[in-house]
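This report concerns only the one structure given below.
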């Protein structure tokens with residue numbers, strides 16, 4: 001009896017390891033972006049850009065290499081993206097350089113140009129031909145970059161109100177919503193979208209909350 005019960009479990013485990021559709025989704029709750037950016041004092045913004053660029057680059061290259069009829073899931077994703085009119089933009093991300101672009105994002109003013117371009121292309125990935133953001137993706141990218149820059153300037157406010165600059169994560173969360181809609185099409189809701197924070201993220205949040213609390217109560221500790 002024990003042997004008969006263990007076999008199905010083993011088969012399920014083997015299937016989970018072999019079947020790529022059971023991997024974690026590339027989707028990320030938009031509010032995660034805001035929370036992590038806030039409690040890392042904005043440092044998470046750079047990782048957010050790198051993570052998304054890297055995921056889009058790898059996904060695009062995988063799609064290009066897998067269009068041979070052998071992988072029905074990739075073939076299905078190719079058809080759906082083509083139908084939604086986002087295939088061409090998605091394939092362009094195959095030429096992305098995540099590390100170099102993220103390094104540029106660390107440079108003031110230049111980071112606005114980087115975000116403008118990324119938001120512009122992300123808006124073109126929205127799987128809705130009638131979407132205002134997609135139809136006006138260049139203007140939308142400009143607004144996202146402008147809003148990010150304006151909120152970042154709040155750091156010039158007197159203490160402790162300078163912490164309001166951390167609201168600059170809000171424009172990034174908007175872009176994340178667009179990317180989530182794109183990944184839903186690519187993954188066809190077959191992957192598990194993570195809702196909880198990882199242990200490392202929880203450590204960052206707790207540490208950041210402590211630092212922000214100290215800054216708010218004792219600004220002179222900086």
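The values are calculated or read from the model by the stated rules, or taken from the named source; none is laboratory data. Not measured: the values here are computed from a predicted model. All Cβ positions, glycine included, derive from the backbone under ideal geometry; neighbour counts span all protein chains shown.
I'm checking my understanding of the structure. Among residues of the stretch 98-129 that are in contact (Cβ under 8 Å) with a residue 12 or more places away in the chain and not in a helix (DSSP H, G or I), which one is nearest to residue 169 (Cα to Cα)? Per the stated criteria, the residue is 106. Considering the stretch 176-196, the residues that are within 23 Å of residue 46 (Cα to Cα) and modelled with pLDDT under 85 include one that is farthest from the chain's Cα centre (by Cα), namely 196.
Residues to consider are 152, 140, 167; find the one that is touching a helix residue (DSSP H, G or I) at 6+ places or on another chain (Cβ under 7 Å), within 25 Å of residue 57 (Cβ to Cβ) and part of a helix (DSSP H, G or I). Walk me through it before giving the result.
Working: 152 fails: within 25 Å of residue 57 (Cβ to Cβ); 167 fails: within 25 Å of residue 57 (Cβ to Cβ).
Result: 140 is the single residue among 152, 140, 167 that is touching a helix residue (DSSP H, G or I) at 6+ places or on another chain (Cβ under 7 Å), within 25 Å of residue 57 (Cβ to Cβ) and part of a helix (DSSP H, G or I).
Within the stretch 156-164, identify whether any single residue is surrounded by 15 or more Cβ atoms within 10 Å (Cβ to Cβ) and within 15 Å of residue 109 (Cα to Cα), and answer yes or no. Looking through the stretch 156-164, none of the residues is surrounded by 15 or more Cβ atoms within 10 Å (Cβ to Cβ) and within 15 Å of residue 109 (Cα to Cα). Looking for whichever is in contact with a strand residue (DSSP E or B) (Cβ under 8 Å, 6 or more places away or on another chain), closer than 22 Å to residue 32 by Cα and surrounded by fewer than 17 Cβ atoms within 10 Å (Cβ to Cβ) here; the options are 211, 192, 206. Which one fits? Answer to the check: 192. For residue 154, are the conditions met, namely being within 30 Å of residue 131 (Cβ to Cβ) and without any contact (Cβ under 8 Å) to a residue 40 or more places away in the chain? In short, yes. Here residue 93 qualifies as more than 29 Å from residue 211 (Cβ to Cβ), in a helix (DSSP H, G or I) and in contact with a helix residue (DSSP H, G or I) (Cβ under 6 Å, 6 or more places away or on another chain).
Of everything in the stretch 8-62 that is surrounded by fewer than 19 Cβ atoms within 10 Å (Cβ to Cβ), within 12 Å of the chain's Cα centre (by Cα) and in a loop (DSSP other than H, G, I, E, B), the residue that is modelled with the lowest pLDDT is 25.
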